[in-house]
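Trainee: Encoded as structure tokens, here's the structure I'll be asking about.
Only the coordinates and a few stated rules stand behind these numbers; no lab work does. The model shown is predicted, which means the values in this text are computed figures rather than measured ones. When we count neighbours, we look across all protein chains shown, and the Cβ atoms used for this are built from the backbone with ideal geometry, even at glycine.
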Amino acid sequence: MTSSTTVRAAAQGIEIRSGALRLALRPDLGGAIAGLWHHGVPVLRSQEPERLMSWHDAASFALVPYSNRIEQGRFDWHGRSYRLAPDFEAGPHPLHGVGHLGAWRVEPSIGPSGPGEVALVLEHRGDDGWPFDFEARQLFQLGPTSLRTELSVTNRSAQAAPFGLGWHPYFPKRARSRLHVECSGRWEIDASKLPTQLVPQPGVDADIAHLDYDHGFEGWIGAARIRDERFALTLRSSLTRLVLYTPQAKDYFCVEPVSHVANAINQPAPSALGLVTLQPGQSQRAWMTLEISTTR
């Protein structure tokens, strides 16, 4: 972080500025990123924080305590059956966890401790959205050419509980948007977008306009590289799985680092698919970075 980096309360939310970059956060709206701009040009799908009305339109949000879908919202855990509340917007399978639905509080000690850093905390008490208590924390660090985010989740229940995490960033689809990813496999999906079988796929290297994915990918190595007529972006993470969402009819696409396979909790060996069992007080952590340079 540089001396030119500043953090301030915005009209609604929090803004961080560093060099040419401006980051806008909405703690009250799922701890989401409302926008990320470089000299006013959107790096992520962006809008001014006071105009963001729903997580659906956010630039990015945290996936916690699970990623993607849980089949019919049902699962068994340690001899007990659970049923999650229906997610009427997502269809029959609850989607993306509950972190994006709650209000996060700004951690008061982080502002004075370092320019360009903001931490948000969510305290969840078990309910019909997720039956186990947890605490999640996001740290945002903005530099003049990069954004780093860290996400952790801590089990606050009195029993062992399943957890996963990730991020859901949205990128603008431009005329020459192109994606390069190295991986080892792709999960085929059924009509309801649940994974069925893993098939070999060494990577993706194509124009976004030619892609039509809503799939999980295994064995992600290196970086995801996104390039268009404005920016060359490099996305890295401590996580080794990705979800690619490239809807052809939309003006955005998503490259989502995640810790586990969708619906892993309903598979015979959830831990082999990345789902983590946390004992009371234990935590799971991950990080993601986005490096930004211009192509002009």
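Trainee: Which far-off residues, 5 or more places away or on another chain, put their amide H under 5 Å from the one on Leu275, with H placed in the peptide plane?
Mentor: Val261
Trainee: Taking H placed 1.01 Å from N in the peptide plane, check which residues at least 5 places from Gly102 or on another chain put their amide H under 5 Å from its amide H.
Mentor: Close amide H contacts, sequence-distant or interchain: Gly30.
Trainee: Highest mean first, how do 167-174, 116-123 rank when packing is the count of other Cβ atoms within 10 Å averaged over residues?
Mentor: Details: 167-174: 22.2, 116-123: 20.0.
Going from most to least packed, we get 167-174, 116-123.
Trainee: If you count, for each residue, the other Cβ atoms within 10 Å and average over each peptide, how do 133-140, 49-56, 255-262 line up from highest to lowest?
Mentor: So the peptides 133-140, 49-56, 255-262, ranked by packing, come out 255-262, 133-140, 49-56.
Trainee: Which value, in Å³ per residue, describes the convex hull spanned by the Cα atoms of the chain?
Mentor: Numbers: hull volume 37.1 nm³, N = 296.
Normalising the Cα hull of the chain by residue number yields 125 Å³.
Trainee: Order of 100-107, 32-39 by packing, highest average Cβ count within 10 Å first? Before the final figure, lay out the partial values.
Mentor: Values: 100-107: 17.6, 32-39: 22.0.
Result, highest mean Cβ count within 10 Å first: 32-39, 100-107.
Trainee: Read phi for every residue in region 37-50 and hand back ³J(HN,Hα) as whole Hz from Karplus 6.51 cos²θ - 1.76 cosθ + 1.60, θ = phi - 60°, with x for Gly and Pro.
Mentor: Those phi angles translate into 10, 10, 6, x, 9, x, 8, 9, 4, 9, 8, 4, x, 6 Hz.
Trainee: Cα centroids of region 133-183 and region 219-278: how far apart, whole angstrom?
Mentor: 10
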